[in-house]
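Q: Can you read through this structure? Questions will come right after.
The values are calculated or read from the model by the stated rules, or taken from the named source; none is laboratory data. The structure presented is a predicted model; accordingly, all values stated were derived computationally and were not measured. All Cβ positions, even for glycine, are placed from backbone atoms using ideal geometry, and neighbour counts span all protein chains on display.
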């Protein structure tokens, strides 16, 4: 895993815009970079500007930007792995307990970020999301999004769903063709 100090610059944001095909990015840092140095996972900023809360950031906190991984994890989801992994986790009480620990980690991580907003009044819909697990899951016995679990696993080893998704990817989390080089050529 390639970690840094979460710093980023405008060139990183240009790459992220290309990766996710979106102009407005509310990022507070690059959580992880691929082997080629491009952003893989960003930490979303809860401030959407003008005193508005970024709902996406509160529910997901981490955002997978790598197009290669987004495609591969989407294929896992399309193949029914959300349900299959969830069933596997729930069959074993010790694995389920580890997953509960991962949801608790996300709960407290999210609370810490939102509470750091200081005196800002937290709207009811944001407060409701703050009380959820990974990916905004209300029922921590079920899974919502393998992308969110993959990202969370990169910072929390207790996220069994993210670990399984990584293993299903054969631990190949860097593309061979260096796709994001296209983002740099475009600019």
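Q: Go through the range 18-43 residue by residue and tally those that are outside any strand (DSSP E or B) and without any contact (Cβ under 8 Å) to a residue 40 or more places away in the chain.
A: Residues that pass the stated criteria total 7.
Q: If a residue has to be in a loop (DSSP other than H, G, I, E, B) and in contact with a strand residue (DSSP E or B) (Cβ under 8 Å, 6 or more places away or on another chain) to count, how many in the range 126-179 make the cut?
A: Counting residues in the range 126-179 that are in a loop (DSSP other than H, G, I, E, B) and in contact with a strand residue (DSSP E or B) (Cβ under 8 Å, 6 or more places away or on another chain) gives 3.
Q: Another question, then. If I go through the range 27-41 residue by residue, how many of them are in contact with a helix residue (DSSP H, G or I) (Cβ under 9 Å, 6 or more places away or on another chain) and surrounded by fewer than 16 Cβ atoms within 10 Å (Cβ to Cβ)?
A: Total satisfying the criteria: 1.
Q: Just to be sure, is residue 24 loosely packed, with under 15 Cβ neighbours inside 10 Å and farther than 17 Å from residue 70 by Cβ?
A: Here the answer is yes, as residue 24 does meet what is asked.
Q: Right, residue 89: touching a helix residue (DSSP H, G or I) at 6+ places or on another chain (Cβ under 8 Å), part of a helix (DSSP H, G or I) and touching a residue at least 60 places away in the same chain (Cβ under 8 Å) or not?
A: yes
Q: Residue check, residue 109 against (1) assigned to a helix (DSSP H, G or I); (2) free of Cβ contacts under 8 Å to residues at least 12 places away in the same chain; (3) under 18 Å from residue 32 (Cα atoms), all met but one. Which one?
A: It fails just one condition, (2).
Q: Exposed (fewer than 15 other Cβ atoms within 10 Å of the Cβ), closer than 21 Å to residue 165 by Cα, touching a residue at least 24 places away in the same chain (Cβ under 8 Å) and touching a helix residue (DSSP H, G or I) at 6+ places or on another chain (Cβ under 7 Å): is that true of residue 136 in this structure?
A: Working: exposed (fewer than 15 other Cβ atoms within 10 Å of the Cβ): no; closer than 21 Å to residue 165 by Cα: yes; touching a residue at least 24 places away in the same chain (Cβ under 8 Å): yes; touching a helix residue (DSSP H, G or I) at 6+ places or on another chain (Cβ under 7 Å): yes.
Spelling it out, it is not the case that residue 136 is exposed (fewer than 15 other Cβ atoms within 10 Å of the Cβ), closer than 21 Å to residue 165 by Cα, touching a residue at least 24 places away in the same chain (Cβ under 8 Å) and touching a helix residue (DSSP H, G or I) at 6+ places or on another chain (Cβ under 7 Å).
Q: Mind checking whether some residue in the range 76-86 is in contact with a strand residue (DSSP E or B) (Cβ under 6 Å, 6 or more places away or on another chain) and over 26 Å from residue 116 (Cβ atoms)?
A: Checked the range 76-86: no residue is in contact with a strand residue (DSSP E or B) (Cβ under 6 Å, 6 or more places away or on another chain) and over 26 Å from residue 116 (Cβ atoms).
Q: Go through the range 17-29 residue by residue and tally those that are modelled with pLDDT under 95 and either in contact with a strand residue (DSSP E or B) (Cβ under 9 Å, 6 or more places away or on another chain) or over 26 Å from residue 177 (Cβ atoms) (or both).
A: Of the residues in the range 17-29, 7 are modelled with pLDDT under 95 and either in contact with a strand residue (DSSP E or B) (Cβ under 9 Å, 6 or more places away or on another chain) or over 26 Å from residue 177 (Cβ atoms) (or both).
Q: Sticking with this structure for a sec: Does the range 93-115 contain at least one residue that is touching a strand residue (DSSP E or B) at 6+ places or on another chain (Cβ under 9 Å), within 25 Å of residue 70 (Cα to Cα) and modelled with pLDDT of 95 or more?
A: No, the range 93-115 has no match at all.
Q: From the list 44, 69, which residue is under 23 Å from residue 7 (Cβ atoms), surrounded by 22 or more Cβ atoms within 10 Å (Cβ to Cβ) and at pLDDT below 95?
A: Step by step, each of 44, 69 is checked, and only 44 is under 23 Å from residue 7 (Cβ atoms), surrounded by 22 or more Cβ atoms within 10 Å (Cβ to Cβ) and at pLDDT below 95.
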